[in-house]
Amino acid sequence: KILECIKLKNLGFTAKEMQDYLFSDTLKDYRETKQELDYETRKNIAFIKEIDDYQRWIKTYKNDPLPFSLETVDSFYFLKHTSFTDFIHDENIYQIINSWTKLMPVVKSAVHLKIENSQITERTWGLLITKQNAENFSIPVNEACTLIPEQKTLQHHLINSEMGKEKEEKIYSQIINETNKTKLKLSGEIFGIVLSGTATKRSTKTLFLLKP
């Protein structure tokens, strides 16, 4: 029990909790508590990392006249829940969505857009998490989730911008049209990751997927 108490101390248990353990006849409850503590610790570390990453992102692009970057993104899952303004009726979504929302901001709100002939033909709101984080935190995935593989993307960074449908179409279509004049070809498929703000005024990292 003394050795077990040392392990508990290293995991962050209080002296009182360890005292309780010394007078307990079972390890089961404490092992379960240790697992819960380990999960909460990893989650809190991930939360802090998200805050640090957001602050660095703001600092990098706040006053950038050309807020673009060409970056490789890790594989991520997208869990759709709304098409344009209508909730999607799919039982698979509601079986897992609560588990996803509990891990925000590691899980992020995002919109999936498809643009054809300078018009948004598909707008699907959902939640997004990297494949690695989904595995690290045992986030459930099912048929409602889309896995986007690791790939290079053109990224556009907007901070505190008012984004309605018309402005989205104008900005994103212009980016696609101008970029496709270069050697870099965009597919018209977009993931807008909301980092902060509201539905109409938000800070967004937008991923433009490239053509194969």
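Remarks
- Database remark: amide H of GLN151 closer than 5 angstrom to the amide H of VAL73 (H placed geometrically; neighbours at sequence offset of 5 or more, or on other chains; Pro and chain starts carry no H).
- For the residue pairs LYS80/LYS211; LYS49/LYS102; LYS59/LYS183; LYS62/LYS152; LYS114/LYS211; LYS59/LYS152, the alpha carbons lie more than 20 Å apart in LYS80/LYS211; LYS59/LYS183; LYS62/LYS152; LYS59/LYS152.
- The string of couplings for the stretch 72-79 from the Karplus curve (6.51, -1.76, 1.60, θ = phi - 60°) is 8, 9, 5, 4, 9, 9, 10, 9 Hz, one whole number per residue in order, with x for Gly and Pro.
- FRET efficiency for the pair THR121 and GLU178, taken as 1/(1 + (r/R0)^6) with r the Cβ-Cβ distance and R0 = 25 Å, rounds to 0.80.
- By the Cα gyration tensor, the stretch 108-212 has an equivalent ellipsoid whose semi-axes, rounded to whole angstrom, run 24, 18, 12 from largest to smallest.
- Per-residue 3J(HN,Hα) values for the stretch 103-120, derived from phi via the Karplus relation 6.51 cos²θ - 1.76 cosθ + 1.60 with θ = phi - 60°, read 9, 5, x, 4, 7, 10, 6, 8, 10, 9, 10, 10, 10, 10, 6, 6, 10, 6 Hz in sequence order (x marks Gly and Pro).
- Scalar couplings 3J(HN,Hα) for the stretch 36-44, obtained by applying the Karplus form with A = 6.51, B = -1.76, C = 1.60 to θ = phi - 60°, are 5, 5, 4, 4, 5, 5, 5, 5, 5 Hz; x denotes Gly and Pro.
Read-outs throughout are calculated quantities, based only on the coordinates presented, and are distinct from any laboratory measurement. Keep in mind it's a predicted model, so treat the numbers as computed, not measured. As a convention, Cβ positions derive from the backbone with ideal geometry for all residues, glycine included, and neighbour counts pool all protein chains shown.
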